Each structure stands twice: as C-alpha cells, then as structure tokens.
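Questions regarding the structure given below will be posed in turn.
The values are calculated or read from the model by the stated rules, or taken from the named source; none is laboratory data. Since this is a predicted model, take the numbers as computed values, not measurements. Because the Cβ atoms are built from the backbone with ideal geometry, glycine has one as well, and the counts that use them run over all protein chains shown.
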C-alpha cells in the first residue's frame, strides 16, 4: 500500500503513463481471477490494485484497463443510457477528450466518431493544448469529456468557458471532478504551493482546490444545463461490488442549449 502511494507521489504522471503500458500485462496475468470484473473490457480478477495519493483505497484500480471507480461508472452510463458506444448508431459525432484516460483511449478510437484528444502534458494526447486557451473554433464538438481536470487548473472558470465555447449547441459533455459532498462550498487557496501541503489539504500534490456541491452551480453560471446524475442507483448492490464502484457518485452531465 505504501509503495503505491510513494510511486504516485514521486514519479511524474507522464512517465507513469508510459511505464504502465509495459507493466499492466504482467500485473493482469498475475491477478486474474473471478471475484471482480472490469466492465470496460469484461476481464475478471481475484483483486484490483490499490490507488490514492493521500489515502489509499483498496481494490479500485483495474489491472487490465487501469480504470478507477469513476471510469467504470462513466462507461456503464455511456453504454446503458446513451448511444455513444453503439457501433450501429448512424450519427458520426465530433468528440473532444481532454486529458484522455488510458482506459477509454482504445475503445473510443475504435468508434466511428471523429475523436480528438488534447492535453498540455499527457504523452497519449493527440494535440498539445492549454484548456484555458483551446486551439479550436467555436461550436465544433458534439461531445466533450473532461474528467478530473478542473481541480488541477488555477483558472477553472476560464477552462469551463473554453469548453462551453467549443461545444456545439445541442452538444453534451461529462465533467467529473473529485467532489467532497460533506462541504457546502469549494475551497481553494492560491498561496498553497508546496506539493506535500497540497496533498494534505487538497488530496493530491497537483490539485489546487477541493470542490463542494456548488460546483454544479458554477457550471450553470457558465451557461451549461447540468444534470446531476446518480447513476449508481440503477445498479444493484452486487454489481456495485463486482465492478468496484462508489455508491451515490454523481455524474455531472452537461448540455449546451
């Protein structure tokens, strides 16, 4: 447990991403079993890996896709509540994926959609881009994924405005963040710059705030229509455990009217 925490907090994320492509086939083989299943690729394991920068969570990181609880919940929502993953659907969507997660990269690339990934530092993104100054025209994307990004961005308002600008009217997005439901308001303090102090206060060395439920109102103030989707309510307790999900996690599904 301590080893995983040390690795996450000391090795830069771009290098970790590259290293993971080498390590995960061996880890997947070692942990294969039947107790837990990753719905993204359908593979099962005797246990998942631990994960967490501050407090380690057991059995949450899939050995095969490297998905976490939030990724698997999003996948199930897209599969069961939308036609995004349906290979038979006729419409070809233009999709922007900010800071693309490894677990989604290959499955999304196989779809017929025009799929564009962007990030300032990620080695697996197609385009190097600052989320506060995107190199895209107005109203050009049908779908935007931007998950666990805003908490890294000092000017999250500008980032949200940019995503609103490049989303088409009638477009949809999913903007997950680490939400602390126990607080009323988002907390941020620009004076906290020490990585260890950020980990202690914000939960991760490169986070700059902790979001409260007022996050949804901030998205609405930008112009988005927001649905706070508690999709786990549609999933049985047995599958929540089998897929290693978090009960009552909220999916922020946004639209541009």
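When the residues of segment 112-129 are filtered to those that are under 18 Å from the mean Cα position of the chain (by Cα) and under 18 Å from residue 84 (Cβ atoms), which remaining residue is surrounded by the most Cβ atoms within 10 Å (Cβ to Cβ)?
117
Could you go through segment 146-155 and let me know if any residue there is under 19 Å from the mean Cα position of the chain (by Cα), within 25 Å of residue 87 (Cα to Cα) and not in a strand (DSSP E or B).
Yes, because at least one residue in segment 146-155 is under 19 Å from the mean Cα position of the chain (by Cα), within 25 Å of residue 87 (Cα to Cα) and not in a strand (DSSP E or B).
Kindly provide the set of residues from segment 203-221 that are within 29 Å of residue 169 (Cβ to Cβ) and either outside the structural domain of residue 162 (by TED's automatic domain parsing) or surrounded by fewer than 18 Cβ atoms within 10 Å (Cβ to Cβ) (or both), ordered by number. I'd like the intermediate steps shown before the answer.
Within segment 203-221, the first condition is being within 29 Å of residue 169 (Cβ to Cβ), and the residues that meet it are 211, 213-221.
Scanning segment 203-221 gives 213, 214, 217, 218, 220, 221.
Now, a different point. Answer yes or no: is there a residue in segment 210-228 that is on the phi > 0 side of the Ramachandran plot and in a strand (DSSP E or B). Quick ask: steps written out before the conclusion?
Of the residues in segment 210-228, the ones on the phi > 0 side of the Ramachandran plot are 223.
Filter again for in a strand (DSSP E or B), leaving none.
So far as segment 210-228 goes, no, none of its residues is on the phi > 0 side of the Ramachandran plot and in a strand (DSSP E or B).
Kindly list, by first and then second residue, each pair from a residue in segment 230-252 that is at positive phi to a residue that is outside any loop (DSSP other than H, G, I, E, B) and surrounded by fewer than 20 Cβ atoms within 10 Å (Cβ to Cβ), limited to pairs with Cβ atoms under 6 Å and residues at least 6 apart or on different chains.
So the pair list comes out as 244/59.
Taking segment 10-47 only, how many residues are within 21 Å of the chain's Cα centre (by Cα), surrounded by 12 or more Cβ atoms within 10 Å (Cβ to Cβ) and at pLDDT 95 or above?
Qualifying residue count for the region: 7.
Further, regarding this structure: Which condition number does residue 245 fail, the rest of (1) within 30 Å of residue 140 (Cα to Cα); (2) crowded, with 20+ Cβ neighbours inside 10 Å being met?
(1)
Restricting to segment 230-257, count the residues that are under 11 Å from residue 73 (Cα atoms) and assigned to a strand (DSSP E or B).
1
Just the residues that are under 28 Å from residue 201 (Cα atoms) and surrounded by 14 or more Cβ atoms within 10 Å (Cβ to Cβ), please, taken from segment 130-154.
130, 131, 132, 145, 146, 147, 148, 149, 150, 151, 152, 153
Need the failing condition index for residue 205 against (1) outside any strand (DSSP E or B); (2) touching a strand residue (DSSP E or B) at 6+ places or on another chain (Cβ under 6 Å), just the number.
With respect to (1) outside any strand (DSSP E or B); (2) touching a strand residue (DSSP E or B) at 6+ places or on another chain (Cβ under 6 Å), residue 205 is out only on (2).
Ok, one more. Could you go through segment 198-210 and let me know if any residue there is free of Cβ contacts under 8 Å to residues at least 12 places away in the same chain and more than 19 Å from residue 52 (Cα to Cα).
If we filter segment 198-210 for residues that are free of Cβ contacts under 8 Å to residues at least 12 places away in the same chain, which is where we start, we get 198.
Next, from what is left, pick out any that are more than 19 Å from residue 52 (Cα to Cα): none.
No, segment 198-210 contains no residue that is free of Cβ contacts under 8 Å to residues at least 12 places away in the same chain and more than 19 Å from residue 52 (Cα to Cα).
Return yes or no: is residue 172 part of a strand (DSSP E or B), crowded, with 20+ Cβ neighbours inside 10 Å and more than 13 Å from the chain's Cα centre (by Cα)?
Considered against the rule, which asks whether it is part of a strand (DSSP E or B), crowded, with 20+ Cβ neighbours inside 10 Å and more than 13 Å from the chain's Cα centre (by Cα), residue 172 comes out as yes.
Tell me which strands (runs of 3 or more DSSP E) are completely within segment 30-137 and hold 1 or more residues being under 21 Å from residue 235 (Cα atoms) and in contact with a strand residue (DSSP E or B) (Cβ under 9 Å, 6 or more places away or on another chain), or say none if there are none.
Values: elements: 32-37, 49-51, 57-61, 94-98, 114-119.
So the answer is 32-37, 57-61.
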